[in-house]
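Throughout, read-outs are computed from the coordinates displayed, never taken from laboratory work. Computed from a prediction, not measured in an experiment: that's the story for all the values here. Counting neighbours? That spans all protein chains shown, and the Cβs are built from the backbone with ideal geometry, glycine included.
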Amino acid sequence: MESYEFNGIVELFPQDKGWHFIKVPEMLSKPFKHLEDRGLIAITAFVGDSAWNTSQLPMGDGSHFIALPKAVRNKEKINLGDTIKVVFKLRDRD
């Protein structure tokens, strides 16, 4: 299956205990809109040596983001404000 990659800045949702996330460029989410299930686009994400099944999640404004789990951030030494490379592959919903 084809993989897609982009670079982005690690951000934090402003609410208490908000998620660390990276915004997905529209050119890598809009073409997959037909695959959405309740706004979610199922993917396998890769950052450094880490991989996990997740989804592109809706931001509420038509754009999407990928949440960065704490285990991945710790393993890859990712901090808020870092620019990171994300690779993803589409997958079927579980």
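What length, rounded to one decimal in nm, is gained on full extension from ALA67 through to ASP92, with 0.36 nm per residue of separation minus their alpha-carbon distance? The partial results should precede the final answer.
Values: separation 25, 0.36 × 25 = 9.00 nm, distance 1.85 nm.
Going from the current span to full extension adds 7.2 nm.
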query = For SER29, SER3, SER63, what's the fewest-to-most ordering of other Cβ within 10 Å of each Cβ?
reply = SER3, SER63, SER29
task = Under a cut-off of 13 Å between alpha-carbon atoms, report the aspartates and glutamates in cross-link reach of LYS30, not counting same-chain residues fewer than 8 places apart.
result = ASP61
inquiry  = Taking the alpha-carbon distance from LYS77 and a cut-off under 13 Å, which aspartates and glutamates remain once sequence neighbours fewer than 8 residues away in the same chain are dropped?
reply    = ASP49
task = Multiply the residue gap between HIS34 and MET1 by 0.36 nm, knock off their C-alpha separation, and tell me the result in nm, one decimal place.
result = 10.1 nm
query = So which trypsin sites (Lys or Arg not before Pro) in region 41-85 pass both tests, a DSSP loop state and at most 14 other Cβ atoms within 10 Å of the Cβ?
reply = LYS77
inquiry  = Under 24 Å between alpha carbons, and skipping anything fewer than 8 positions from LYS70 in its own chain: which lysines qualify?
reply    = LYS17, LYS23, LYS85, LYS89
task = Using only alpha carbon positions, build the gyration tensor of the chain, then give the equivalent ellipsoid semi-axes as the square roots of 5 times its eigenvalues, largest first, whole angstrom.
result = 20, 16, 12
message = Quick query: amide H of SER50 versus all other amide H atoms, modeled in the peptide plane; which residues come in under 5 Å with a sequence gap of 5 or more or a different chain?
response = none
